[in-house]
Amino acid sequence: MGPSSLTALAEQLLNDSRLLDSYNEANGLEPVSFDHESFVDLLEDIEDHRKNVINIAQDLKRLAQGPRDLLFETLNTFNDLANFHFIYHHKIPQYIPLGDISYAELAVATGLDEILLRRMLHHAMIYRTIAESNEGRIQHSIASRMLKEDSEAMDAAGFLLEELFMVGAMEKYPNSGEPNETGFNMAFNTSRPFYLKLEATPKGLMVDVGGGHGAVSMALAKATTHMNFVVQDLPNTATQGEKLLPTSLQGRVSFMAHDFFEEQPVKCADVYFLRYILHNWSDKYARRILKSLIPALKDSSRIVCYEFLPGDRPTTLWTEKQPLNMNMIQAIGWNSIERTASDWKRLFSSVDKRLRFLGTRTPPGCSVSLIKAEFHLGANGATTQ
Ligand SMILES: C[S@@+](CC[C@H](N)C(=O)[O-])C[C@H]1O[C@@H](n2cnc3c(N)ncnc32)[C@H](O)[C@@H]1O
């Protein structure tokens, strides 16, 4: 179970940290700081050192904490989220200029009580979302500046904090596998599922099921010469995608309105591709989506899914936490699941015995994985299971 002393861990940490510092120096980059972003677009071997630093530092801290402090810290993370929610809700990063501002001035700008504001910002400073100058004036940290300047980062925070984080839904609808019994439905007082509410060949053929505006199909069309793509989605999304399609890809990529719970109309494609689709649906619905593909499949047609892939065994590594985060999000937000490799195997075989699970592949440096199954007709081309 790894090194047996804090010193041994710290020595490993020192080694990886030295390599990262030398990388910055050798490339004329500024040393790390909380004022600017570091380690962007790293090459794979340098990225591995960065991940080592995080994984080792995390365990070093946990070991130094011991079980009591570790549990206490974990139980108090709701305070951090409540604090982040306050900062998001009152759009505080937007009111902090690029220089600095006093608490009194920020209180006037935001319409908040100055003492409450000070308490909230002092909490945020402990996890470095906001900073304070030596003169006691509020300043941006790189994190708050990112929230100020990147509206997508702010929107993502809002989605997680205001729409998804409604754990109450799990109490209201215990053990639900329904897509319309989630925090989203509570937040918006709607019984409509998330996506319906949002919706107001010599050449190889890939059907991009629930393909949105076709970002993946367009990227693949640019990267290949021998593939055509049909992007299917709900009617409004398909119409919008069609409008966004560059003329250079017309003829290679087309859009089609199709509800993936209905029988697949594009027959005998080589690949039916589902990116970030099945993780939003519990097994009951995922099976229906996959079953609706079966009548369209030819011998050797492949179903390829692209999803986060939690391991079948638990992990304590920070670098493997993202699939676990996503699994919580699926449980809270969609009553669904990020499936492990064995969950996928079970799912495919429960849909149709002619679907053979081919395994999973996680490209190096990628936090998302490909999950593949192939359809095989019986010996005489039999179409029954
Ligand atoms: C998480 S997005 C993934 C989009 C795309 N595959 C990607 O990776 O960028 C899920 C997509 O499923 C679509 N969708 C939801 N319900 C659908 C349905 N019943 N039939 C077809 N598409 C649906 C949504 O409109 C949305 O575009």
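Only one of the listed residues (I294, I277, I289, I303) is in contact with a Gly (Cβ under 8 Å, 6 or more places away or on another chain), of a type in the set (A, V, I, L, M) and either closer than 21 Å to K353 by Cα or modelled with pLDDT of 95 or more (or both). That residue is I277.
Take the conditions (1) more than 30 Å from S282 (Cβ to Cβ); (2) modelled with pLDDT under 85; D113 misses just one of them, which is (2).
Looking across R62, R50, R128, R68, one residue alone is exposed (fewer than 11 other Cβ atoms within 10 Å of the Cβ) and of a type in the set (K, R). It is R68. When segment 36-75 is filtered for residues that are over 17 Å from A8 (Cα atoms) and of a type in the set (A, V, I, L, M, F, W, C), the ones remaining, listed by number, are F39, V40, L42, L43, I46, L70, L71, F72, L75. Taking the criterion of being crowded, with 23+ Cβ neighbours inside 10 Å and over 19 Å from G177 (Cβ atoms), the residues of segment 284-300 that qualify are L293, L297. Is it true that N236 is at pLDDT 90 or above and more than 15 Å from the ligand (Cβ to nearest atom)? When the stated conditions are applied, N236 does not pass them.
Provide a single number: the residues in segment 206-233 that are assigned to a strand (DSSP E or B) and either more than 15 Å from the ligand (Cβ to nearest atom) or of a type in the set (V, I, T) (or both).
So the count comes out to 6.
Residues being of a type in the set (K, R) and more than 12 Å from I96 (Cα to Cα): count how many of those fall in segment 128-164.
Of segment 128-164, the ones of a type in the set (K, R) are 128, 137, 145, 148.
Add one more test, that the residue is more than 12 Å from I96 (Cα to Cα), and what stays is 128.
The total comes to 1.
Which one is modelled with the highest pLDDT, of the residues in segment 306-325 that are among the polar types (S, T, N, Q) and surrounded by 14 or more Cβ atoms within 10 Å (Cβ to Cβ)?
Q322
If the condition is being farther than 19 Å from P310 by Cβ, of a type in the set (S, T, N, Q), modelled with pLDDT under 95 and surrounded by 12 or more Cβ atoms within 10 Å (Cβ to Cβ), then segment 337-385 contributes no residue at all.
The values are calculated or read from the model by the stated rules, or taken from the named source; none is laboratory data. Small disclaimer: the values here were computed from a predicted structure and weren't measured. Cβ: placed from backbone, ideal geometry, glycine included. Neighbour counts: every protein chain shown.
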